[in-house]
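Student: Below is the structure I would like to discuss, written out as structure tokens.
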Amino acid sequence: MLVVISPAKRLDWTERDVATTAPAMQDDAIRLAKTARNLTLGKLKSLMDLSDDLARLNRHRFQAFADAPETDVTRPAMYAFAGDTYQGLDAETLDEGAVTYAQDHLRILSGLYGLLRPLDAIQPYRLEMGSRLKTRRGQSLYDFLRTDIAMSMITAAVGSDSDTLINCASQEYFGAVPEKALKINVITPAFMEDKGAGPKIVSFFAKRARGAMARYVIENRITDADAIRDFDTDGYRFSPEHSSPEKPVFIRPYPES
């Protein structure tokens, strides 16, 4: 079984003694970085709705992006991203066996690298999948990356003998995945909070829960899609009455603190 998550805007560039691997779609990343490098500061700011400081930082990152980077300027993807989903994943506490399993069964969608394995070496960047960056392949990153993401995902499914994909990515990022081309089952869990007036999705909590679900699949070496219904991290419980086969729903009481 495969599980896929989104990246994060925030990065943790702490040095780690971890052997890294090369991203499968490195050539795509190089082409996109060169395209972004040619944007003016104003266009880059507008493209991703950035502040002046963030626009300057990311312009510098694209200008410094190397075709064959030295190891000291890269970090393994699973540890480099530091948003809400990665708090739920808590990669730092995964044991060696879980990390090895994750390398084959976890994938991270990326607006620059397309599809990453946990230990793939990435350079610092920020490029959201929804960005309308024009390239020779079309008007957006979806146009540029979709075909190669499908090929990489199929390779991952075959390599891990997976017939099911647990989609723990956001709608923005999973929109780059052509589901029909994958020819495997796609299950998208949803996480809701209940204050007493009916369950609702709260973005912050849902992102964290998606990371926790990815961790659950990894730690338990899940092979049967129905087994994710036993997920109970942070008080979530499977809700049959709110669920469908393709969208299992997990609900918990709204945390008061």
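Student: Calculate, for residue 226 and residue 21, the FRET efficiency according to 1/(1 + (r/R0)^6) with r their C-beta to C-beta distance and R0 30 Å; round to the nearest 0.05. Numbers along the way, then the final one.
Tutor: On the way: r = 32 Å, r/R0 = 1.05.
Here the calculated transfer efficiency is 0.45.
Student: With angles folded into 0 to 90 degrees, how steeply does helix 52-64 sit against the dominant principal axis of the chain? Use alpha carbons for both and round to 10.
Tutor: 70
Student: While we're looking at this one, here's another question. R0 = 25 Å: FRET efficiency of residue 52 with residue 132, Cβ-based, nearest 0.05?
Tutor: That gives a FRET efficiency of 0.80.
Student: Would you be so kind as to identify which of 151, 225, 251 lies farthest towards the positive end of the dipole of the range 2-253, taking Lys and Arg as +1 and Asp and Glu as -1 on Cβ and the Cα centre as origin?
Tutor: Going by the charge dipole, the pick is 151.
Student: Given H placed 1.01 Å from N in the peptide plane, which residues other than close sequence neighbours of residue 115 have an amide H under 5 Å from its amide H?
Tutor: When sequence neighbours closer than 5 places are left aside, the close amide H contacts are 25, 110.
Student: Only Lys, Arg, Asp and Glu count, each charged at its Cβ (+1, +1, -1, -1), so figure out the dipole size of the range 2-253 about its Cα centre, rounded to 20 debye.
Tutor: Around 1280 debye, computed over the range 2-253.
Student: Continuing with this model, one more query. Which order do the peptides 215-227, 120-132 come out in when sorted by mean C-beta neighbours inside 10 angstrom, highest first?
Tutor: Numbers: 215-227: 16.8, 120-132: 20.4.
For the peptides 215-227, 120-132, the packing ranking is 120-132, 215-227.
Student: Provide the FRET efficiency to the nearest 0.05 for the residue 35-residue 151 pair, computing r from the beta carbons and using R0 = 25 Å. Working shown, then result.
Tutor: Numbers: r = 21 Å, r/R0 = 0.83.
About 0.75, to the nearest 0.05.
Student: Further question: Given H placed 1.01 Å from N in the peptide plane, which residues other than close sequence neighbours of residue 190 have an amide H under 5 Å from its amide H?
Tutor: Under 5 Å from the amide H of residue 190: 249, 250.
Student: Which ³J(HN,Hα) values, rounded to whole Hz and listed in residue order, are derived for the range 188-196 from phi using the Karplus coefficients 6.51, -1.76 and 1.60 in 6.51 cos²θ - 1.76 cosθ + 1.60 with θ = phi - 60°, glycine and proline given as x?
Tutor: Taking θ as phi minus 60°, the curve returns 10, x, 10, 10, 10, 10, 10, 8, x Hz for the range 188-196.
Student: Lysine pairs in the chain 8 or more apart or on different chains: how many have alpha carbons under 30 angstrom apart?
Tutor: Value for the chain: 28.
Student: A follow-up question, please. Distance from the Cα centre of the range 190-242 to that of the range 50-86, in angstrom?
Tutor: 30
Student: Quote the relative contact order of the range 1-153 in percent (integer), defining contacts as alpha-carbon pairs under 8 Å separated by 6+ residues.
Tutor: Values: 219 pairs, mean separation 53.5, N = 153.
Relative contact order, the range 1-153: 35 percent.
Student: Restricting things to alpha carbons, tell me how big the range 170-248 is in terms of Rg and Dmax, in Å.
Tutor: Computed over the Cα atoms of the range 170-248, radius of gyration and Dmax are 13.3, 41 Å.
Bear in mind these aren't lab numbers, they're just calculated from the coordinates by the rules spelled out. The structure displayed is predicted, hence computed values, not measured ones. FYI the Cβ positions are ideal-geometry reconstructions off the backbone, even for glycines, and counts take in every protein chain you see.
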